[in-house]
Each structure stands twice: as structure tokens, then as C-alpha cells.
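What follows is a structure written as C-alpha cells; I'll ask about it next.
The values are calculated or read from the model by the stated rules, or taken from the named source; none is laboratory data. Note that the coordinates shown come from a computational prediction; the quantities given were computed from them, not determined experimentally. Cβ sites come from the backbone with ideal geometry, for glycine too, and all protein chains shown count toward neighbours. The protein model used for the area step is the full one, side chains on, heavy atoms only, and it has no ligands, DNA or RNA in it. Shrake-Rupley method; radii C 1.70, N 1.55, O 1.52, S 1.80 Å.
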Amino acid sequence: QVQLVESGGGLVQAGGSLRLSCAASGRSFGSYTMGWFRQAPGKEREFVACIMSGITYYTDSVKSRFTISRDNAKNTVYLQMNSLKPEDPAVYYCASRRGIRSMRVVEYGYWGQGTQVTVSS
């Protein structure tokens, strides 16, 4: 069983930065693909980024602005968000899955409770 706990959300001005963290419990953290997703009000949950074995993948709208990383010794994955835009606010979720990277919500078996990111213009 894997438990995920996100932190680091909050209110930031447009153009500002936030770093989200996701602490995972359970064994074999390094063997899981870790992902970040987000869900804005009235919209479906969407893929943001994922990382596995040092390989990262991003949705086009966040490339060059967001960076996903992980510290396997700390069982933690991060999402550094720079140059935040008015279209970025959402609840951000950390998720994990065994196996190769995926952009699909349904392929992730473990989810955190989410952390709210708000961007003021």
C-alpha cells in the first residue's frame, strides 16, 4: 500500500513560483512512476508531469516552466512551478503507479488528497 501526502500549495501572484512536495510511504518508492496531475473547477483531471528512472515527461502547457524531480532517499517527489499563469490554478494531485510512465489518470493506482494552487493576476 502506498500513501501520498502533498504539501506546498498556496496563493501566488502571476509570474511567481511555488514548489509542491509529495511524501510517499511504503516500500520500493524508486520503482514507481510518480506523477503530478491537476484539476480545475468544472474540468477533468489532467496530466501535468511524471518521472521514472530519471526520465521526465510534461504536458505541453507547462514545459519550460515546471520541473518534476524526486529524491528516492526521502521518498519524495517535487514539482517546481515557475512563471505561474492565470490558467494554472487548480488542485494539484500527486499519484504513483508501478511500471513505465503514463499520462493517463486511470493508470495511476495511488493518489494523494491534493493541494490547492491559486494564482492572482
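Could you grab me the full set of residues in region 14-33 that are in contact with a Leu (Cβ under 9 Å, 6 or more places away or on another chain) and in a strand (DSSP E or B)?
Residues satisfying the conditions are 18, 19, 20, 21, 22, 23, 24, 25.
Failed condition for residue 64, given (1) on the phi > 0 side of the Ramachandran plot; (2) part of a strand (DSSP E or B), with all others met?
The failed condition is (2).
Still on this structure, please answer the following. Only one of these conditions is not met by residue 57: (1) open to solvent by 40 Å² or more (accessible area, probe 1.4 Å); (2) more than 14 Å from residue 117 (Cα to Cα); (3) in contact (Cβ under 8 Å) with a residue 60 or more places away in the chain; (4) outside any loop (DSSP other than H, G, I, E, B). Which number is it?
Residue 57 satisfies all of (1) open to solvent by 40 Å² or more (accessible area, probe 1.4 Å); (2) more than 14 Å from residue 117 (Cα to Cα); (3) in contact (Cβ under 8 Å) with a residue 60 or more places away in the chain; (4) outside any loop (DSSP other than H, G, I, E, B) except (3).
For region 34-48, which positions are more than 14 Å from residue 97 (Cβ to Cβ) and either touching a Leu at 6+ places or on another chain (Cβ under 9 Å) or part of a strand (DSSP E or B) (or both)? It would help to see each step written out before you state the result.
Within region 34-48, the first condition is being more than 14 Å from residue 97 (Cβ to Cβ), and the residues that meet it are 38-46, 48.
Correct list: 38, 39, 46, 48.
What single numbered condition from (1) among the polar types (S, T, N, Q); (2) within 25 Å of residue 31 (Cβ to Cβ); (3) open to solvent by 60 Å² or more (accessible area, probe 1.4 Å); (4) modelled with pLDDT of 95 or more fails to hold for residue 69?
(3)
Further, regarding this structure: Can you find a residue in region 49-61 that is over 17 Å from residue 100 (Cα atoms) and more than 12 Å from the chain's Cα centre (by Cα)? Full working, then the answer.
To start, the set of residues in region 49-61 that are over 17 Å from residue 100 (Cα atoms) comprises 60-61.
Filter once more, so that each one left must be more than 12 Å from the chain's Cα centre (by Cα): 60-61.
Checked region 49-61: at least one residue is over 17 Å from residue 100 (Cα atoms) and more than 12 Å from the chain's Cα centre (by Cα).
Of all residues in region 25-46, count the ones that are surrounded by 14 or more Cβ atoms within 10 Å (Cβ to Cβ) and farther than 15 Å from residue 115 by Cα.
Final tally of qualifying residues: 4.
Then there is this: Of the residues in region 84-119, how many are open to solvent by less than 40 Å² (accessible area, probe 1.4 Å), closer than 16 Å to residue 61 by Cβ and aliphatic (A, V, I, L, M)?
Total satisfying the criteria: 4.
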